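The values are calculated or read from the model by the stated rules, or taken from the named source; none is laboratory data. Values in this document were obtained by computation on a predicted structure and should not be read as measured data. Note: ideal-geometry Cβ built from the backbone for every residue, glycine included; neighbour counts use all protein chains shown.
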Amino acid sequence: MASEEQIRLAVFQWLEEQTRFDDVLDWSTLLNGFTFEGQRISLVGQQGIWKPKVFEFIPLSIRTSYQSDYRDGVTADGLLYYRYRGTDPRHRDNAGLREAMHKQVPLVYFHGLVPGKYLSAWPVYIVGEDPVNLAFVAALDDRRSLEPDRAESEGAEGRRRYITTSFTARLHQRSFRVRVLEAYQSQCAFCRLRRAELLDAAHIIPDRDPLGEPVITNGLALCKIHHAAFDRHFIGVTPDYTIVIRPELLREKDGPMLRHGIQEMHNQRLILPKRPSQYPDRDLLALRYEQFKKAM
């Protein structure tokens, strides 16, 4: 029978394959897991701290649900804050994470972006405990930390802090993308292209601007070519949701991509989400459209 260490490494390898093109995974995929040497290995369960039946004591993964009541977050120095299960520090799940901390056993972390979709990250190590606030402190590390003697090598603390901070930034970006694409039913708001792999969540007001919040009403689901054209002010959107093409682009003569993919969209209506509460903010569109006009 395979050891727990072998199963963990198999889980990491399976995740590597599953996230080759997208690191956001469905709940059903994680729940069903995979078969390893005749054993079904599920990566999640109803509890946030998850230990498969084949594991004796130390959990395999920790999970923060979408809009979790546990208020997991980020510490002042950029590490992950993960709440106890319940209030008893001796609860089996909490004791299992404490053992993972003492032995520096790597875990997987899943963070809910929207209901049923999780951003995955590994390896994650429990690096501290805050019993007063009923929480553990966790940090991500690079995949090379799985090599013998690498996890606690010189410079590991700084490396982990940097990788964890990078992950939290990616978490916000991925959350914005998933929520925007879901609102637009995974189709381009300009041309209806429905291949999620070719779609982006475009900001109406860029995120570097104080008004550029990562919210659905400041986003548009756009295919990559239309995202690029929108960002470079070749295409604009009026506050009443009309698509406008720059005059110079309308006058150009080129191949079918320009004619059918851009020019024929002039004065067409933007494709909107089903929920009016998720429509693009008209005031933000007005600000963006002024920038578009100045660029003409």
query = In segment 68-77, is there at least one residue being closer than 30 Å to A183 by Cα, surrounded by fewer than 18 Cβ atoms within 10 Å (Cβ to Cβ) and of a type in the set (K, R)?
reply = yes
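Here's the yes/no breakdown for (1) of a type in the set (V, I, T); (2) touching a Leu at 6+ places or on another chain (Cβ under 9 Å):
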{"residue": "E4", "(1), (2)": "no, yes"}
{"residue": "R20", "(1), (2)": "no, no"}
{"residue": "V24", "(1), (2)": "yes, yes"}
{"residue": "W27", "(1), (2)": "no, no"}
{"residue": "E37", "(1), (2)": "no, no"}
{"residue": "S61", "(1), (2)": "no, yes"}
{"residue": "Y66", "(1), (2)": "no, yes"}
{"residue": "A95", "(1), (2)": "no, no"}
{"residue": "H102", "(1), (2)": "no, no"}
inquiry  = Within segment 1-86, considering only strands (runs of 3 or more DSSP E) that don't extend past its boundaries, which have at least 1 residues that are touching a residue at least 60 places away in the same chain (Cβ under 8 Å)?
reply    = 24-26, 61-64, 80-83
inquiry  = Report every pair of residues separated by at least 6 positions or lying on different chains whose Cβ atoms are under 7 Å apart, first residue within segment 127-156 and modelled with pLDDT of 90 or more and surrounded by 14 or more Cβ atoms within 10 Å (Cβ to Cβ), second among the basic types (K, R) and part of a strand (DSSP E or B).
reply    = L134/R83; A135/R83
remark   = Of (1) farther than 26 Å from L97 by Cα; (2) among the charged types (D, E, K, R); (3) not assigned by TED's automatic domain parsing to the domain that holds I262, D142 satisfies every one except (1)
message = Against the definition (under 15 Å from the mean Cα position of the chain (by Cα) and surrounded by 15 or more Cβ atoms within 10 Å (Cβ to Cβ)), how does T165 come out, yes or no?
response = yes
